[in-house]
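Undergrad: Following this message is one structure expressed as structure tokens.
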Amino acid sequence: MSTEIVQMVGQAGPYLTAAVVAYGTGVLTRAESAAVEATANVGRRMLQAVWHRRDEQGRAELESAVADAAEEPSDEDASAALRQQIKRALREDAELLRELAGLLPPGGGGAVTVTASGTRSIAAGGNIGVAITGDGHDVPRP
């Protein structure tokens, strides 16, 4: 399996999960809703794109995987089965890979929420290097 497919499915995972949790099995046919957060709508659009490109058997398999993931959103096996359906579709359709990658927000990693709470706490959304809190510390020099 190509690294590109594995990477794309990994990046799409949070969107797919959000869509399945928000819409359940209706995710494959539901229209976009402004009331649903953007993450779920991206996942919904991805799942619909895959569903529309599958044959009858492929659609049935995808619907079954979505139903299982919707029924048990915290079940890693159900989530993995859904991701496997997406990978299978992507292996069979190179144009679909480009289409789904185009649906991901810039950076493709999804939203990052960082919260700092408490006196002298630090919040960082990525590698910031050295972070020191408290009194009487010297910054280490490389």
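Undergrad: Hey, does the stretch 63-76 have a residue that's of a type in the set (A, V, I, L, M, F, W, C), at pLDDT 80 or above and within 19 Å of Q7 (Cα to Cα)? If you could, list the steps in order and put the result at the bottom.
TA: If we filter the stretch 63-76 for residues that are of a type in the set (A, V, I, L, M, F, W, C), which is where we start, we get 65-67, 69-70.
Narrowing the set further to residues that are at pLDDT 80 or above leaves 65-67, 69-70.
Restricting the remaining residues to those that are within 19 Å of Q7 (Cα to Cα) gives none.
Taking every residue of the stretch 63-76 in turn, none turns out to be of a type in the set (A, V, I, L, M, F, W, C), at pLDDT 80 or above and within 19 Å of Q7 (Cα to Cα).
Undergrad: Right, next: Take the stretch 52-99 and flag every residue that is surrounded by fewer than 13 Cβ atoms within 10 Å (Cβ to Cβ) and not in a helix (DSSP H, G or I).
TA: D55, E72, S74, D75
Undergrad: What number of residues in the stretch 22-46 are assigned to a helix (DSSP H, G or I) and either farther than 16 Å from E72 by Cα or modelled with pLDDT of 80 or more (or both)?
TA: 10
Undergrad: Can you name every residue in the stretch 86-97 that is farther than 17 Å from A18 by Cβ and modelled with pLDDT of 90 or more?
TA: Across the stretch 86-97, the qualifying residues are K87, R88, A89, L90, R91, E92, D93, E95, L96, L97.
Undergrad: Which of the numbered conditions does I122 fail, given that it passes all the others? Conditions: (1) surrounded by fewer than 10 Cβ atoms within 10 Å (Cβ to Cβ); (2) modelled with pLDDT under 90; (3) of a type outside the set (G, A, S).
TA: Only one criterion is unmet by I122, namely (1).
The values are calculated or read from the model by the stated rules, or taken from the named source; none is laboratory data. This one's a predicted model, so the numbers in the text were calculated from it and none came from an experiment. Note that we place each Cβ from the backbone using ideal geometry, even for glycine, and neighbour counts take in every protein chain shown.
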